[in-house]
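J.: Once you've had a glance at the structure underneath, I'll fire off some questions.
The values are calculated or read from the model by the stated rules, or taken from the named source; none is laboratory data. No experiment lies behind these values; they were computed from the predicted model shown. We place every Cβ from the backbone using ideal geometry, glycine too, and count neighbours over all the protein chains shown.
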Amino acid sequence: MKIRTQRWRPDTCDCIVELTYDLDEPDDTRTHTVTNVIRACQAHVGMNASQLNTVLFDENRRKNRLHGRAAELYPALFPLMDEPGGGRGYDFSRISWSYDATRTLRVTIQGITAPQRNAIQRAADQLFGTGKVVIS
């Protein structure tokens with residue numbers, strides 16, 4: 001068992017936390033645990049490490065899963081591209097997003113039709129529950 005500690009700032013807010021995880025665990029099953037709160041953003045102030053662990057990973061997964069689901073539904077809108085340093089990833093440059101004060105994920109996707117928007121919204125509602133994500 002090789003435990004590593006590192007600082008993490010999610011791209012979903014301005015929190016900074018320290019995470020620990022076991023380097024011997026495979027990436028796809030590795031558990032990251034918030035062990036220390038360096039700075040809590042305005043939306044998460046007052047939460048302890050355990051609460052932040054739940055909330056930060058939920059918000060980050062929601063954003064990432066929404067991106068992935070949109071690419072599954074409409075691969076032509078989000079083509080695969082080469083990434084710096086190797087590998088390939090989807091081009092999500094047409095997506096902009098933010099979390100509002102109630103931590104609803106607000107997503108704008110440039111260049112989509114109303115039926116595409118509606119399909120992505122239905123998928124988000126199925127994945128996360130109604131009202132957790134709003135597509136415009």
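J.: Scan segment 85-129 for residues that are in a loop (DSSP other than H, G, I, E, B) and either surrounded by 11 or more Cβ atoms within 10 Å (Cβ to Cβ) or in contact (Cβ under 8 Å) with a residue 12 or more places away in the chain (or both) and jot them down.
T.: From segment 85-129, those in a loop (DSSP other than H, G, I, E, B) are 85-87, 91-94, 100-104, 110-113, 129; that's our starting set.
The answer is Asp91, Phe92, Arg94, Ala101, Arg103, Thr104, Gln110, Gly111, Ile112.
J.: Tally up the residues in segment 23-34 that are touching a strand residue (DSSP E or B) at 6+ places or on another chain (Cβ under 7 Å) and loosely packed, with under 14 Cβ neighbours inside 10 Å, please.
T.: Pass one, segment 23-34, residues touching a strand residue (DSSP E or B) at 6+ places or on another chain (Cβ under 7 Å): 23, 30-34.
Pick out the ones that are also loosely packed, with under 14 Cβ neighbours inside 10 Å and you get 23, 30-31.
Of the residues in that region, 3 qualify.
J.: What number of residues within segment 67-84 are closer than 13 Å to Gln110 by Cα and without any contact (Cβ under 8 Å) to a residue 24 or more places away in the chain?
T.: Residues flagged as closer than 13 Å to Gln110 by Cα and without any contact (Cβ under 8 Å) to a residue 24 or more places away in the chain within segment 67-84 amount to 1.
J.: Within segment 1-25, track down each residue that is modelled with pLDDT of 90 or more and assigned to a loop (DSSP other than H, G, I, E, B).
T.: From segment 1-25, those modelled with pLDDT of 90 or more are 2-25; that's our starting set.
Result: Lys2, Arg9, Pro10, Asp11, Thr12, Cys13, Asp14, Cys15, Leu23, Asp24, Glu25.
J.: Quick one: would you say Ala71 is small (Gly, Ala, Ser), in contact with a strand residue (DSSP E or B) (Cβ under 9 Å, 6 or more places away or on another chain), surrounded by 11 or more Cβ atoms within 10 Å (Cβ to Cβ) and more than 28 Å from Gln6 (Cα to Cα)? Before the answer, list the steps.
T.: Numbers: small (Gly, Ala, Ser): yes; in contact with a strand residue (DSSP E or B) (Cβ under 9 Å, 6 or more places away or on another chain): yes; surrounded by 11 or more Cβ atoms within 10 Å (Cβ to Cβ): yes; more than 28 Å from Gln6 (Cα to Cα): yes.
For Ala71, the condition - small (Gly, Ala, Ser), in contact with a strand residue (DSSP E or B) (Cβ under 9 Å, 6 or more places away or on another chain), surrounded by 11 or more Cβ atoms within 10 Å (Cβ to Cβ) and more than 28 Å from Gln6 (Cα to Cα) - is met.
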